[in-house]
Number of protein chains: 2
Amino acid sequence: MFLQYEPSKHHITQAHDWIQGRIHRTPIFSSKSLNSILECKLYFKCENLQKVGAFKYRGATLAILSLPKTEFKKGAATHSSGNHGAAIALAAKMRNIPAYIVMPRSAPHIKKLAVESYGAKIIYCEPTLQAREEALEKIVAKTGATFVHPYDNFTIIAGQATCGKEILEELGALDYLIAPVGGGGLLSGTCLSAKYFSPETKVIGAEPLGADDAFRSLREGSIQPSVNPKTICDGLLTQLSEKTFTIIQKNVSEIITVEEETIIAAMRMIWERMKIVVEPSAAVSLAVVLENKKKFLGKRVGMILSGGNVDLEKLPW
Amino acid sequence: MFLQYEPSKHHITQAHDWIQGRIHRTPIFSSKSLNSILECKLYFKCENLQKVGAFKYRGATLAILSLPKTEFKKGAATHSSGNHGAAIALAAKMRNIPAYIVMPRSAPHIKKLAVESYGAKIIYCEPTLQAREEALEKIVAKTGATFVHPYDNFTIIAGQATCGKEILEELGALDYLIAPVGGGGLLSGTCLSAKYFSPETKVIGAEPLGADDAFRSLREGSIQPSVNPKTICDGLLTQLSEKTFTIIQKNVSEIITVEEETIIAAMRMIWERMKIVVEPSAAVSLAVVLENKKKFLGKRVGMILSGGNVDLEKLPW
């Protein structure tokens with residue numbers, strides 16, 4: 001299933017069948033106290049409890065299973081300073097093939113450790129896009145590994161879409177489904193799942209105001225670059241790609257930006273009230289509800305807690 | 001069901017029937033990475049995800065439901081600087097009766113807030129046992145509320161026993177079941193559940209070395225006082241009572257003490273690898289496995305993550 005086109009309903013169903021059993025079907029939590037504070041019904045899909053601690057393992061697993069037979073043994077390569085790298089590393093390990101992860105030397109120690117612990121080969125580079133791409137090209141040329149882009153890849157998008165599919169299968173037609181947006185892999189997949197499995201559910205993208213390139217892209221009608229993003233959400237620094245932008249533009253209800261303070265408050269609320277560890281990027285969806293209480297009053301709102309990989313030495317409070 | 005004697009199998013089953021639906025049946029998590037590091041099969045019962053964030057809500061709910069009819073409307077009183085106070089407060093609120101919680105003025109702000117938010121009346125006192133007891137006696141005399149002791153109470157013990165019952169129902173005969181020990185309510189209940197529902201399972205009490213009064217009590221054959229306990233585990237500072245000591249002495253396999261460093265390392269492992277928030281007192285069980293790897297090699301080990309109420313401003317790393 002190496003998808004050349006936008007995933008269809010059939011593709012997403014097939015993707016889900018394929019990766020089920022290899023990924024966790026993560027639980028959906030709710031919190032009476034948050035529901036009563038915010039006067040709506042919130043449902044939290046806990047992808048922080050997914051393998052490697054992030055939804056990225058869905059797309060990565062599908063991508064590794066989808067490698068063309070002739071290329072399979074040569075493995076997969078990607079560049080990532082975050083969860084996608086770890087996800088590709090583990091998904092490759094599960095199939096006993098090599099993984100090559102290009103990472104900036106400046107990446108957090110904890111992320112390097114994770115990728116290493118899954119047995120992938122790390123190639124360090126300077127923290128610029130050019131250095132990343134050069135290092136990647138080199139390793140691909142040398143090893144024959146297949147490059148798996150973190151989001152500008154229809155197979156990855158189909159994999160991430162299985163998360164929204166699980167939510168809608170379990171909860172039926174929600175009023176809203178909120179997902180964070182960085183490169184747009186999760187949001188575009190969520191848009192497709194809502195379109196196919198619950199068209200009455202409105203999908204909202206949640207974005208930090210300090211990295212509002214997706215919001216601006218929708219307004220301008222073309223991909224706007226993410227220049228010097230300033231946010232604690234290290235998973236949401238990248239900009240949309242052609243594939244994710246096209247799907248999001250066509251299907252999303254809106255993108256809502258939120259302040260840094262609200263993101264931190266939302267993150268803390270989740271830790272304190274729900275007793276689970278989420279990373280800042282995962283808290284952006286709840287921040288959207290905190291800043292727009294009226295909009296969600298009395299509604300049934302699903303949100304994707306995208307990941308839980310956070311440096312416990314550097315908490316924002 | 002105001003129990004005058006040690007709970008029987010029938011009592012615990014009835015207690016469970018009674019409180020089911022009012023408490024969460026908390027999930028049991030496992031972690032591939034922890035299993036592979038420790039070379040055994042660990043099962044974590046997530047009472048940090050219980051209402052009020054601790055197993056204490058089980059016993060409190062049963063105790064409130066068991067108040068004698070004539071006394072019911074007058075409510076419940078207790079002294080507690082921790083989770084038991086919050087549990088009684090919420091359980092009373094759910095039944096629309098008053099709760100009176102005696103707390104030392106020095107209790108953490110976050111615990112005061114929790115008890116207040118459940119609508120209980122807080123009576124502040126000096127942080128000595130004598131001051132606590134005097135304040136409690138006064139409020140009981142004044143209001144006619146029934147005193148619910150945090151652990152020297154067979155109804156409370158039967159309520160806490162439902163946690164071990166759920167574990168053994170789901171997982172069958174474990175080799176070991178580990179629970180932290182402070183006053184002994186959870187450990188004595190766990191001992192009874194193992195005795196009745198899986199007699200081949202050995203129950204181990206986990207205790208900080210800096211508060212090893214339960215360990216010493218078993219060795220001496222009589223309750224030893226907890227004098228100046230020095231541990232980060234604020235839930236494990238109290239000593240055993242007559243009722244809990246008797247049950248534990250008869251039924252526990254052993255009590256194992258652990259170093260503070262190991263407790264902190266265990267707590268951090270749970271946060272980082274399992275993405276859930278647990279308090280130090282809950283991490284003591286995993287610390288026992290960390291310090292005694294050989295003993296648990298290849299075994300199936302259940303452990304109770306007793307609570308998740310922790311001040312996020314004061315993490316131990």
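Consider the range A:249-281 and keep the residues that are of a type in the set (Lys, Arg) and more than 24 Å from residue A:201 (Cβ to Cβ). The one that is surrounded by the most Cβ atoms within 10 Å (Cβ to Cβ) is A:275. Looking only at residues in the range A:1-31 that are aliphatic (A, V, I, L, M) and part of a loop (DSSP other than H, G, I, E, B), the one that is farthest from residue A:186 (Cα to Cα) is A:1. Do any residues in the range B:123-140 that are in the same structural domain as residue B:85 (by TED's automatic domain parsing) have Cβ atoms under 7 Å from those of residues that are part of a helix (DSSP H, G or I) and modelled with pLDDT under 95, where the two are at least six apart or on different chains, and which pairs are they? Pairs that qualify, where the first residue is in the same structural domain as residue B:85 (by TED's automatic domain parsing) and the partner is part of a helix (DSSP H, G or I) and modelled with pLDDT under 95, are B:125/B:131; B:125/B:132. Residues in the range B:57-74 that are in contact with a Phe, Trp or Tyr (Cβ under 7 Å, 6 or more places away or on another chain) and either assigned by TED's automatic domain parsing to the domain that holds residue B:186 or surrounded by fewer than 24 Cβ atoms within 10 Å (Cβ to Cβ) (or both) were compared, and the one that is modelled with the lowest pLDDT is B:68. Working carefully through the options A:51, A:45, A:32, find the one that is modelled with pLDDT of 95 or more and under 22 Å from residue A:288 (Cβ atoms). Selected residue: A:45, the only one of A:51, A:45, A:32 that is modelled with pLDDT of 95 or more and under 22 Å from residue A:288 (Cβ atoms).
The residue that is farthest from residue B:30 (Cα to Cα), among those in the range A:55-66 that are small (Gly, Ala, Ser) and either within 14 Å of chain B (Cβ to nearest Cβ) or part of a helix (DSSP H, G or I) (or both), is A:63. Looking only at residues in the range A:267-289 that are within 14 Å of another protein chain (Cβ to nearest Cβ), more than 18 Å from the chain's Cα centre (by Cα) and part of a helix (DSSP H, G or I), the one that is nearest to residue A:315 (Cα to Cα) is A:268. For the range B:32-53, a residue qualifies if it is in contact with a strand residue (DSSP E or B) (Cβ under 7 Å, 6 or more places away or on another chain) and outside any strand (DSSP E or B), and the qualifying residues are B:34, B:35, B:40, B:47, B:48, B:50, B:51, B:53.
Of all the numbered requirements in (1) of a type in the set (S, T, N, Q); (2) over 18 Å from residue B:150 (Cβ atoms); (3) surrounded by 20 or more Cβ atoms within 10 Å (Cβ to Cβ), residue B:78 misses one, and that requirement is (2). Selection over the range A:35-54 of residues that are more than 13 Å from every other protein chain (Cβ to nearest Cβ) and touching a residue at least 60 places away in the same chain (Cβ under 8 Å) gives a count of 7. Of B:87, B:99, all but one fail to be away from every other protein chain (no Cβ under 14 Å), over 30 Å from residue A:277 (Cα atoms) and of a type in the set (Gly, Ala, Ser); the exception is B:99. Within the range B:228-266, the residues that satisfy the criterion of being part of a helix (DSSP H, G or I) and touching a Phe, Trp or Tyr at 6+ places or on another chain (Cβ under 8 Å) are B:243, B:244, B:264. Could you tell me whether residue B:178 is outside the structural domain of residue B:86 (by TED's automatic domain parsing), closer than 30 Å to residue B:258 by Cβ and assigned to a helix (DSSP H, G or I)? Answer is no for this residue. Condition check for residue A:207 on (1) modelled with pLDDT of 95 or more; (2) part of a helix (DSSP H, G or I); (3) farther than 26 Å from residue A:9 by Cβ; (4) acidic (Asp, Glu): one failure, at (2). Scanning the range B:290-315 for residues that are under 24 Å from residue B:57 (Cα atoms), of a type outside the set (A, V, I, L, M) and within 11 Å of another protein chain (Cβ to nearest Cβ) yields B:307, B:308, B:309, B:311.
The values are calculated or read from the model by the stated rules, or taken from the named source; none is laboratory data. In this text the structure is predicted, and so the values were computed from the model without any measurement. Glycine gets a Cβ as well: all are built from the backbone with ideal geometry, and neighbour counts include every protein chain shown.
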